[in-house]
Amino acid sequence: MRLLVLCPHFKPDTAPTGVVMTRLVDELIILGWEVDVITSLPWYRRHAIEPGWSGRIRRKVETPWGSIARLHPFPADKANLVARAAAFVGFSSIAAVDASARRPRPDAVLVMSPPLTLAISGWAAARRFGIPLVLNLQDVFPAAAVAVGAISNRRAIAVFEALERFCYKRATAITVLSDELAKGIERRTGNRVSTPVHVIPNFADIAGIRPEPTDNAYRREHELVGKHVVMYAGNVGHSQAFDLLIGAAEHLRHRDDIVLVVNGEGVQRMSLQTAAAHLPNVRFVDYQPADKLPETLAAADIHLVLLKPGLSEVSVPSKLYSVMAAGRAVIACVDPGSEIDRLVRDADAGLSVGHDADALAAAITTLVDDSAMRRRQASNARARVETWPTAADIARQYSDLLEGVTRHQ
């Protein structure tokens, strides 16, 4: 069978969702699928087209298993929401044209969102060929943007919510990463959307990311040798509760042995650096290449998951699985009772402290000072993630779903 995939990022682009989709496609190919991918030119790392890829609005390469068409993403300033929305519309528009003209005819369409506009591109192709559309939601838009205050205009919210319902209604099936996300969709849409929602989590890369020694080249390069490193690694965006990190750093200023490292980039990076300018125990490190992810994760003694209140129904920080694969203890600042909270507590893989800077500082102190507890929780984290579905497992779930909706189309 032949699958048409629309996604915002794909290898060699380094976005986490691109890593997920690339591996999923690899595994679907092993299962016998032919796959045509429509994605963007690589641009995530610098928020600009990577050197060697510019000069053309579309690049296509044929592969033994299908093809990859890379389209211009019209990258814009990350802090300019209007410009970013326009970029998504531009990219999704040319993706719709490319998808609808696809040859040979696909049997199904799989779309990764956000951006939600890409779902319309997939729907156009699905309608053109009379085939099913499966919509994979990595984050729920606009609910996530509204929850963090990135969108506050009531008319804009109403428009985006209407677009959300439009896309959900026209999908044959929807996949989300957690039960919370599924319940959130049901709660927000009520009975207006009857499309079945399936929970298929992202996989854990337990083969590519393994426990490694803490003393490594990353620590030496960034002058962290001899320190207890508490790290946030990931997107520095609207969804993360960085006020808790700043508050905890204030509490821990007297601990010369503890350093809080923010490894990543995003729309909140500049303002976060300004807020932390007076704190010598906070360090910033730029985004690292994908092949250095295991080394980066290993450099920390403790990792942080910082998710703003109310986001458990609209976003899942999948970076947690990579941290657990690296065999490191976790401190989660998340909604009590959420999936991440339950996972950390049930696995005894770290501490879950809610949204309180004092509690975060206390948790850091506890794990730094109690090395036996920290090592036990780190070991538990790795053991728990080894029971998580692999990329091959997740691909089989998608293959079964796609075959099912195709048979009943």
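The values are calculated or read from the model by the stated rules, or taken from the named source; none is laboratory data. Computed from a predicted structure; not experimentally measured. Every residue, glycine as well, gets a Cβ built from its backbone with ideal geometry; the counts of neighbours run over all protein chains shown.
For the condition of a type outside the set (Asp, Glu), surrounded by fewer than 19 Cβ atoms within 10 Å (Cβ to Cβ) and in contact with a Phe, Trp or Tyr (Cβ under 7 Å, 6 or more places away or on another chain), what is the one hit in 170, 155, 187, 165?
Only one candidate qualifies: 170.
Go through the range 236-290 and give me each residue that's among the polar types (S, T, N, Q), in contact with a helix residue (DSSP H, G or I) (Cβ under 8 Å, 6 or more places away or on another chain) and under 30 Å from residue 50 (Cβ atoms).
239, 263, 268, 288
Output the residues belonging to the range 347-361 that are touching a residue at least 24 places away in the same chain (Cβ under 8 Å) and either assigned to a helix (DSSP H, G or I) or outside the structural domain of residue 242 (by TED's automatic domain parsing) (or both).
Residues satisfying the conditions are 347, 357, 358, 360, 361.
Could you give every pair whose Cβ atoms fall below 8 Å, whose first residue belongs to the range 84-97 and is assigned to a helix (DSSP H, G or I), and whose second residue is basic (Lys, Arg), counting only separations of at least 6 or pairs across chains?
Final answer for the pair search is 84/78; 94/58.
For the range 66-79, which residues satisfy the criterion of being buried (at least 18 other Cβ atoms within 10 Å of the Cβ) and modelled with pLDDT of 85 or more?
The answer is 66, 68, 69, 70, 71, 72, 73, 74.
Considering only the range 391-400, I want to know if a residue exists there that is modelled with pLDDT of 95 or more, of a type in the set (Asp, Glu) and farther than 28 Å from residue 133 by Cβ.
no
Kindly provide the set of residues from the range 362-409 that are over 18 Å from residue 201 (Cα atoms) and basic (Lys, Arg), ordered by number.
374, 375, 376, 407
So which of 37, 82, 20 ends up being under 25 Å from residue 205 (Cβ atoms), at pLDDT below 95 and aliphatic (A, V, I, L, M)?
Unique residue meeting the criteria: 20.
Test of understanding: among 233, 241, 248, which residue is in contact with a Pro (Cβ under 8 Å, 6 or more places away or on another chain), assigned by TED's automatic domain parsing to the domain that holds residue 313 and touching a residue at least 40 places away in the same chain (Cβ under 8 Å)?
241 is the lone residue from the list that is in contact with a Pro (Cβ under 8 Å, 6 or more places away or on another chain), assigned by TED's automatic domain parsing to the domain that holds residue 313 and touching a residue at least 40 places away in the same chain (Cβ under 8 Å).
Taking the stated definitions as given, is residue 342 assigned to a helix (DSSP H, G or I) and modelled with pLDDT under 95?
Answer is yes for this residue.
With the requirement that a residue be in a loop (DSSP other than H, G, I, E, B) and touching a Ser or Thr at 6+ places or on another chain (Cβ under 6 Å), what does the range 121-145 give you?
Hits for the range 121-145 are 132, 138.
Results for (1) in a strand (DSSP E or B); (2) buried (at least 17 other Cβ atoms within 10 Å of the Cβ); (3) of a type in the set (Ser, Thr, Tyr), shown as yes or no for each residue.
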site: 44; (1), (2), (3): no, yes, yes
site: 56; (1), (2), (3): no, no, no
site: 111; (1), (2), (3): yes, yes, no
site: 119; (1), (2), (3): no, yes, no
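What residue, of 292, 308, is within 20 Å of the chain's Cα centre (by Cα), outside any helix (DSSP H, G or I) and basic (Lys, Arg)?
Just a single option satisfies the conditions, and that option is 308.
Just checking, which of 189, 175, 195 is of a type in the set (Ser, Thr, Tyr) and at pLDDT 95 or above?
175
Only one of these is closer than 28 Å to residue 179 by Cα, in contact (Cβ under 8 Å) with a residue 12 or more places away in the chain and in contact with a His (Cβ under 6 Å, 6 or more places away or on another chain): 323, 316. Name it.
That would be 323, the only listed residue that is closer than 28 Å to residue 179 by Cα, in contact (Cβ under 8 Å) with a residue 12 or more places away in the chain and in contact with a His (Cβ under 6 Å, 6 or more places away or on another chain).
Can you confirm whether residue 317 is modelled with pLDDT under 90, buried (at least 19 other Cβ atoms within 10 Å of the Cβ) and either farther than 18 Å from residue 387 by Cα or under 17 Å from the mean Cα position of the chain (by Cα) (or both)?
When the stated conditions are applied, residue 317 passes them.
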